[in-house]
Amino acid sequence: MERQHSLSRRSCWLITDIVADGVEIGIHGYVHNDYRILSKDKQFTQTKQAISVFQNNKIPYQGFRNPYLGWTQESLAIYAALGLSYESNMAILHDVVDLNAFSPLLRSGYAKSLRLFQAAPCSIYGLRPRFEGALLRIPTSIPDDEMLFDRLRITDQQEVGHIWSKVMQRVYDRGGLYTLNFHPERGVLCKPALEELLSYARSRPLPVWVARIGDVAQWWKEHSEFRQNITPLDSNRWQVEATCTPRATLLARHLIVEDQVATPWFGSDIRVQSHSFIVRAPQCPCIGISPATSQQVVNFLYEQGYPFVRCTQEEAHNYACYLDLPEGMGITAQEQLQRKSALVQQIEELEAPLLHFGCWPDGNRAALAISGDIDSVTVQDFFLRVLEVR
Ligand SMILES: [Zn+2]
């Protein structure tokens, strides 16, 4: 343990320099071990020790990413209890590599990484940050650099850049966040691939928000507090008042904005610049929810930026869609993920008058956060980290 402290001091000048350049430093553990094999007490102690290294060296921190993306339900509670605002461990798998082109040996190595990362398939909801209690969970997309370089032995930078751009394309189409994770020791090697990814992101018809994970976390909190108030003026006209910050992206589909400028955005959605406007639509442009629908669903709709009104089954036809979910979004994590993914998919595909808040600020269609796991600063650190976990 002492060794880690002196390591941190030795590396402190470097980290301070990086922070001064505008890079966010997250916490990656006290030693480089897998939390899944630690007791709850050990996880707590090590997280606390890692935080004190940051505090003692006056390095700002707000998030945690585990070695090997190895998180447990217990870790989440510990991060929240110790005041971290987010973690970034949920791996989302993008099927963008043709595995048939690789030998069975390389394929089995790739499959081993997938198991290690407990990856979930890609969906609109899966690519959005999400609150679990006070802690925000920020998804990270794979394949990461290790899977491509070490597992599949892809060395051609153009091919890596192409794979990352394909992930960006999928994320853009779904309006989500692409958290790319790579190891900074490959920074020079990966430069052409990163440049290709960035130029692909910049060439999209709508802007992609390139941000630090901490900025994404702060934005998501801001975004989850936005509200819309929709009041009828007559049978097919509605006054809309949005309570939000100036960065909000206000979207609408299948309706006419009467008194304000609206520009085409993505799919059926148009973007309204004003926060107060009148729309014309044959139905109330929000979701109807039954009186019995649970508070869990209400909180979920708020977080996702979808306005809703409580109404009875008889009034359901007056709304873009009607939800009657007294049992909420499920009990187990698996159940919740399935139901939430299905609900977001259903709402996003609605071809009915609907207002909602876009996921990202200032009209951005998607977000890109480039992050790296600093596992060691010197070659000596690299070998010492193996001893430290014992
Ligand atoms: Zn690591």
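The values are calculated or read from the model by the stated rules, or taken from the named source; none is laboratory data. These numbers come from a predicted model, not from an experiment. Cβ sites come from the backbone with ideal geometry, for glycine too, and all protein chains shown count toward neighbours. Ligands, DNA and RNA are stripped out before the accessible areas are found, and what is left, the full protein with its side chains, is counted by its heavy atoms. Shrake-Rupley method; radii C 1.70, N 1.55, O 1.52, S 1.80 Å.
Give me the distance between the Cα centres of segment 124-188 and segment 13-80, rounded to whole Å.
If we compute the Cα centre of each part, the gap is 20 Å.
Which order, highest average first, do 124-130, 181-187 follow once you tally other Cβ atoms within 10 Å for each residue and take the mean per peptide? If you can, show how the numbers build up before the last one.
Working: 124-130: 21.9, 181-187: 17.3.
Packing proxy ranking, top to bottom: 124-130, 181-187.
Setting aside same-chain residues fewer than 8 positions from Lys40, which lysines have a Cα under 22 Å from its Cα?
Lys40 reaches Lys48.
What do you get for the angle between helix 157-174 and the principal long axis of the chain? Use alpha-carbon atoms, 0 to 90 degrees, nearest ten.
Approximately 30 degrees, to the nearest ten.
Based on DSSP, what percent of beta bridges with both residues in segment 233-390 are antiparallel, to the nearest 5? Walk me through the intermediate numbers first.
Working: 19 of 26 bridges.
Given both bridge residues lie in segment 233-390, the antiparallel proportion sits at roughly 75 percent.
If you put +1 on each Lys and Arg Cβ and -1 on each Asp and Glu Cβ, how big is the dipole of segment 139-214 around its Cα centre, in Debye rounded to 20? Mind dumping the intermediate values first?
Details: 10 positive and 10 negative charges, 63 e Å.
The dipole of segment 139-214 has a size of about 300 debye.
Which percent, to the nearest 5, of DSSP beta bridges fully inside segment 37-177 are antiparallel?
Values: 3 of 12 bridges.
Counting only bridges with both partners in segment 37-177, antiparallel ones make up about 25 percent.
Would you list Ser199, Ser294 from the most to the least accessible area, probe 1.4 Å? List each step's numbers first, then the result.
Values: Ser199 70, Ser294 25 Å².
Ranked list, largest accessible area first: Ser199, Ser294.
If packing is taken as the average number of other Cβ atoms within 10 Å across a peptide's residues, how do 137-144, 82-89 rank, most packed first?
On the way: 137-144: 23.5, 82-89: 20.6.
Order by mean packing, descending: 137-144, 82-89.
Which peptide among 363-373, 301-311 comes first, and what is the full order, when sorted by highest mean count of other Cβ atoms within 10 Å? It would help to have the intermediate numbers written out before the result.
Working: 363-373: 22.1, 301-311: 19.2.
Highest-to-lowest ranking by the protection proxy: 363-373, 301-311.
Give the accessible surface of segment 1-148 per residue, rounded to a whole number of Å², with probe radius 1.4 Å and ligands, DNA and RNA excluded. If you can, show how the numbers build up before the last one.
On the way: 6650 Å² over 148 residues.
With all protein chains present, segment 1-148 gives 45 Å² per residue.
Of the beta bridges DSSP finds with both residues in the chain, what % are antiparallel, to the nearest 5? Spell out each step's value before the answer.
On the way: 28 of 55 bridges.
Just about 50 percent of them are antiparallel.
Carbon-plus-sulfur fraction of the accessible area of the chain, 1.4 Å probe, in percent? List each step's numbers first, then the result.
Working: 9640 of 17850 Å².
Carbon and sulfur: 54 percent of the exposed surface of the chain.
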